[in-house]
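The values are calculated or read from the model by the stated rules, or taken from the named source; none is laboratory data. What you are looking at is a predicted structure, and each value in this text was computed from that prediction instead of being measured. All Cβ positions, even for glycine, are placed from backbone atoms using ideal geometry, and neighbour counts span all protein chains on display. Just the protein is used for accessible areas: all its heavy atoms, side chains included, with ligands, DNA and RNA removed. Shrake-Rupley method; radii C 1.70, N 1.55, O 1.52, S 1.80 Å.
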Amino acid sequence: MWGGRFADGPSAIMREINASIPFDKALWRQDIAASKAHVAMLAACDIVSDGDAEAIIGGLDTIASEYEADGVPEDWDLEDIHMTTESRLAELIGPAAGRLHTARSRNDQVATDFRLWVRDAIDQAVAAVEALQRALVTRADEHADSIMPGFTHLQTAQPVTLGHHLMAYYEMAQRDISRFADARHRLNQCPLGSAALAGTGFPIDREMTTQALGFDAPTANSLDAVSDRDFALDYLQAAAQCSLHLSRLAEEFVIWASQPFGFVRMPDALSTGSSIMPQKKNPDAAELVRGHAGRIIGCLTSLMVTMKGLPLAYSKDMQDDKPPVFEAAGLLGLSIAAMTGMVEGAAFNTGRMRQAAELGYATATDLADWLVREADIPFREAHHITGAAVKLAESKGVALEALSLEELQAIDTRIDERVYGALSVEASVAARASHGGTAPAEVRKRVAEARERLGMDI
């Protein structure tokens, strides 16, 4: 490719450091699609003949079949997927293959291919997250009444329902989908036709290639088009945030599956054993999801650091833009699939959860609320009275509702027998009926909305 300008070929070191075919071969589908759109446009604009365009498109179809069947060959002398495909095209159809690169550069070519790949990755991520949401909603519906302890600081705080807890992750996933959707909207402009950096002198039709490739519009500035990798960073930022949510859910499964908690039994298919301890059932899939989040965040950081000091337009540093995106996409897909399987296959020990919810004086806030509501006591005073009741119950080693009326009235005479209707865990969750609360009726409302959004009842 460089023969007209260079007398000598690249050294072995240059050949190795310059070659991107080991990783950018992943772009082959997008590269062929963009090349077919480009040459069809060239023919429509009378820049290449119809005969040459037909030969090029036929050759590209043949190459696509070869790649599908046998994979993309790795010849480092050809550097990348673009030259690998063009070289094979020349073998198939001869000199006409050289017309394919008219009015384009590898700069706008790779920018287009990469946007197409990231767009596909976003669509795959959204579909996977929606599958996770369906699993969460299904289990939340099943456990709308199942009581468990809610935690702050990993200390028992107030009773909640398992359905409410699972629906919290549904909401996180919904925000993840919105971030991916925003990233997709911003990236959906077509760089093809920007050429190396300044546009082209050929009378091309950028609207034609834009429409053929499913973009919303052509990019407005050729310098920006070939040097921009915001779309990749947008994707990685959305992927990183999604991985954080997955990691939090994974961590809860790890905790819940431990013997001191015993809230859940993990599916065998997503667990491993020990080489020395026969009794062990380790939540390795959950732990790996937790670990993958760190790697995905690392991918985002890697590309941000690569891009932070680059002048316009293209610099070879940008060849390193694809490995972190490809790695993050693979890790994210595995993580979502693993968490979906865990949610679907987990066996929740609702008896143990309810038992735990009765510990730690989880209904103390309900006593304070009852004092405010029924005895017209300011909340700060009610908080103090309740604290004294908790201290007494703790000293006696009993639950709040096990204190006698006489003992409660010794703390404050305004307490009467009606208070016992507020101190059970069932009463506690049922009382939290504000919009978005943990009351089973509210959980079922949110589940119904989610099922409709996901088309689960169609």
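Kindly indicate whether any position in region 95-103 is on the phi < 0 side of the Ramachandran plot, among the polar types (S, T, N, Q) and touching a residue at least 12 places away in the same chain (Cβ under 8 Å). Yes, because at least one residue in region 95-103 is on the phi < 0 side of the Ramachandran plot, among the polar types (S, T, N, Q) and touching a residue at least 12 places away in the same chain (Cβ under 8 Å). How many residues, within region 161-182, are farther than 16 Å from G333 by Cβ and in contact with a helix residue (DSSP H, G or I) (Cβ under 6 Å, 6 or more places away or on another chain)? The total comes to 9.
Within region 204-219, identify whether any single residue is in contact with a helix residue (DSSP H, G or I) (Cβ under 6 Å, 6 or more places away or on another chain), open to solvent by less than 60 Å² (accessible area, probe 1.4 Å), outside any loop (DSSP other than H, G, I, E, B) and closer than 19 Å to R106 by Cα, and answer yes or no. Within region 204-219, one or more residues are in contact with a helix residue (DSSP H, G or I) (Cβ under 6 Å, 6 or more places away or on another chain), open to solvent by less than 60 Å² (accessible area, probe 1.4 Å), outside any loop (DSSP other than H, G, I, E, B) and closer than 19 Å to R106 by Cα.
Only residues that are farther than 15 Å from M339 by Cα, open to solvent by less than 10 Å² (accessible area, probe 1.4 Å) and hydroxyl-bearing (S, T, Y) were counted across region 220-263, and they come to 1. Taken as a whole, the condition of being within 19 Å of L371 (Cβ to Cβ), touching a residue at least 24 places away in the same chain (Cβ under 8 Å), open to solvent by 20 Å² or more (accessible area, probe 1.4 Å) and not assigned by the TED database to the domain that holds A168 does not apply to S428.
From A368, A364, A389, A382, grab the single residue that is under 30 Å from D412 (Cβ atoms), in contact with a Leu (Cβ under 8 Å, 6 or more places away or on another chain) and without any contact (Cβ under 8 Å) to a residue 24 or more places away in the chain. Of the residues listed, the single one that is under 30 Å from D412 (Cβ atoms), in contact with a Leu (Cβ under 8 Å, 6 or more places away or on another chain) and without any contact (Cβ under 8 Å) to a residue 24 or more places away in the chain is A382. You will find that of T438, T413, T386, the residue that is open to solvent by less than 90 Å² (accessible area, probe 1.4 Å) and assigned to a loop (DSSP other than H, G, I, E, B) is T438 and no other. Checking A37, A44 one by one, the residue that is under 19 Å from E207 (Cβ atoms), surrounded by fewer than 19 Cβ atoms within 10 Å (Cβ to Cβ) and modelled with pLDDT of 95 or more is A44 and no other. Take the conditions (1) modelled with pLDDT under 95; (2) surrounded by 21 or more Cβ atoms within 10 Å (Cβ to Cβ); (3) of a type outside the set (A, V, I, L, M, F, W, C); (4) more than 23 Å from A329 (Cβ to Cβ); S11 misses just one of them, which is (2).
The residue of region 339-351 that is least open to solvent (accessible area, probe 1.4 Å), among those that are out of contact with any Ser or Thr (no Cβ under 6 Å at 6 or more places or on another chain) and within 21 Å of A430 (Cβ to Cβ), is F348.
In this structure, A238 qualifies as hydrophobic (A, V, I, L, M, F, W, C) and out of contact with any Leu (no Cβ under 7 Å at 6 or more places or on another chain). On the given criteria, is Q124 surrounded by fewer than 17 Cβ atoms within 10 Å (Cβ to Cβ), under 18 Å from V443 (Cβ atoms) and touching a residue at least 40 places away in the same chain (Cβ under 8 Å)? For Q124, the condition - surrounded by fewer than 17 Cβ atoms within 10 Å (Cβ to Cβ), under 18 Å from V443 (Cβ atoms) and touching a residue at least 40 places away in the same chain (Cβ under 8 Å) - is not met. In region 350-361, the residues that are farther than 23 Å from R139 by Cβ form Cβ pairs under 9 Å with partners that are open to solvent by 50 Å² or more (accessible area, probe 1.4 Å), at six or more places apart or across chains, as follows: G360/Q155; Y361/E394.
Name the single residue, out of those in region 389-398 being under 46 Å from the mean Cα position of the chain (by Cα) and surrounded by 15 or more Cβ atoms within 10 Å (Cβ to Cβ), that is nearest to Y361 (Cα to Cα). Per the criteria, the residue is V390. Quick check: is even one residue across region 91-102 in a loop (DSSP other than H, G, I, E, B), surrounded by fewer than 21 Cβ atoms within 10 Å (Cβ to Cβ) and at pLDDT 95 or above? Scanning region 91-102, I find at least one residue that is in a loop (DSSP other than H, G, I, E, B), surrounded by fewer than 21 Cβ atoms within 10 Å (Cβ to Cβ) and at pLDDT 95 or above, so the answer is yes. Please find, within region 226-254, the residue that is farthest from L312 (Cα to Cα) out of those that are hydrophobic (A, V, I, L, M, F, W, C) and free of Cβ contacts under 8 Å to residues at least 60 places away in the same chain. Filtering first and then ranking leaves V254. Restricting region 128-158 to residues that are touching a helix residue (DSSP H, G or I) at 6+ places or on another chain (Cβ under 9 Å), modelled with pLDDT under 95 and of a type in the set (A, V, I, L, M, F, W, C) leaves a set whose member that is surrounded by the fewest Cβ atoms within 10 Å (Cβ to Cβ) is L154.
Number of residues in region 276-318 that are of a type in the set (V, I, T), more than 29 Å from Q109 (Cβ to Cβ) and surrounded by 13 or more Cβ atoms within 10 Å (Cβ to Cβ) equals 2. The number of residues in region 264-275 being surrounded by 16 or more Cβ atoms within 10 Å (Cβ to Cβ) and part of a strand (DSSP E or B) comes to 1.
Go through region 159-196 and give me each residue that's open to solvent by 60 Å² or more (accessible area, probe 1.4 Å) and part of a strand (DSSP E or B). Scanning region 159-196 gives a single hit, Q189.
Report, ordered by the first and then the second residue, all pairs with beta carbons closer than 9 Å, sequence separation of six or more or different chains, a first member in region 58-79 that is assigned by the TED database to the domain that holds L27, and a second member that is of a type in the set (S, T, Y) and not in a helix (DSSP H, G or I). Cβ pairs passing all conditions: E79/S20. Please determine, by comparing only the residues of region 62-86 that are in contact with an Asp or Glu (Cβ under 8 Å, 6 or more places away or on another chain) and part of a helix (DSSP H, G or I), which one is surrounded by the fewest Cβ atoms within 10 Å (Cβ to Cβ). Among them, the one singled out is W76.
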